[in-house]
Structure formats: structure tokens, C-alpha cells
Amino acid sequence: MAYLQPTDYTNYGLPATTTADWITAATALINSFCRRPDLNVIQYTERLRVTAGAQTVHLSYLPLAPLAPATSPIVSIEGRYARPRRGELVETPMLEIAWAFSLPGQWVSIDPTTVDLDANTGELTLPWNVLGLPYNEIAVTYTAGLATIGDDVMSACAQIVRNAQAQPALNTSKSQIDTMHLQYFSSSLVDETVQAWLRPYIANRLG
């Protein structure tokens, strides 16, 4: 979905005659810069490694956004554990017993209500499983994005269009603006001002 609608053009300094292909291309460039498929609320599934000795992971996409009020953005979580590498965990008699009765590598469901979630940072703190063994990988499905596209994103979209139209190589008579062509000039189109507007929405662990 384009981040500017025709009724918004004049409010953000674009001519009312701006064609939709400029906005579509600018929207695609924003998504590429933010390393995510969309800034609207959508569902993501990630497999995340858990650092040895820790029970926390960070989700890649912010802000977290529940699909309905008073619900959690976490849809489901699964975890699995395996014997740690040599030196990663001090073996104790209790752990040896736990390993003897466990099935390392098996995925198990985790109750989302037992997970501590920091919505501001996307940090998840995991519970210990029933055997007292640490998870070493989790798969989490959650929803994130903007329920309403704000002024920062719409301003960034309009600025990218203005920057593109100021490029001699782009400001020519075309029936359609090619997204790949725009991507070629991304270093100059996504200027420092645009980057500042979009920085909160960049995927924080990809790329």
C-alpha cells in the first residue's frame, strides 16, 4: 500500500498532478531502506538463536502492534534446545539427569503469557522449560508495523519523490517510473533527512 494517497499530495508539497507511479516507487524504496516488506501492520515469523547463558532475544521489526486491542502482538512461540557446545555450560548432576530424560532438538510450544516482552525494544525474555534446560533457538510469530502511517513516513515518501524529480536522469518523460531505476539512485534519493525520518522503522538485526 502506497504511503501517500492523492488527497495527501498537496499537504506534503507535491503537485496534485503527481502520478501514482512516483509514489509507488518511493514506497518500494522506503521498504527496501527499512529492510522490511511493509511498514503497515503485518505478521512476521522469525527463527532466532539464543545466546548461550542468556534467555533473551530481540525481535527484528518494530513497533510491535497487536491485531486487536488488549491482545499481545505475540501470536505463537516455539523453542528447542540441544546439548551446549563444550565450555558453554557447566554440567551438574541435575543437568545430567535432565539431559538423560530430554529430547534435544525437539521443537516445543511456549505459552506466550510466560514470556516477558518489552514492547519498546522488542526484547523477549524466555522461561526455562519444564526440565530446567535453556532454549538455544526459538521460532516466534508476531505482528508489527504502523496501524496509521504517520507524518514522518509520509514526509519521507514525498521527499523521495521530490529528490527523484530533481534528478536529471529521472526527470524525463516516462510512461512509468521503474522501481529498479529508482533503486539505482537510492543513495541520493534517500538523503539524510529521509534517513532520520525512517530510522525508527529499520529492521534492527537484518543486513
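Place the peptides 24-32, 68-76 in order of packing, highest mean first, counting for every residue the other Cβ atoms within 10 Å and averaging per peptide.
24-32, 68-76
Output the peptides 151-158, 33-40 sorted from most to least packed, where packing is the average of other Cβ atoms within 10 Å over each peptide's residues.
Highest to lowest by the protection proxy: 151-158, 33-40.
Search the structure for amide H atoms under 5 Å from the amide H of Leu146, placed 1.01 Å from N in the peptide plane, and list their residues when 5 or more places away or on another chain.
Counting only residues 5 or more places away or on other chains, the set is Asn40, Val41.
In whole Hz, what ³J(HN,Hα) sequence does the range 58-74 give by Karplus (6.51, -1.76, 1.60; θ = phi - 60°), x for Gly and Pro?
My calculation for the range 58-74 gives 10, 6, 7, 10, 10, x, 5, 8, x, 6, 9, x, 6, 10, 8, x, 7 Hz in order.
Throughout, read-outs are computed from the coordinates displayed, never taken from laboratory work. What you see is a predicted model, and the numbers here were worked out from it, not measured in a lab. Don't worry about glycine lacking a Cβ; one is built from the backbone with ideal geometry, like all the others, and counts go over all protein chains shown.
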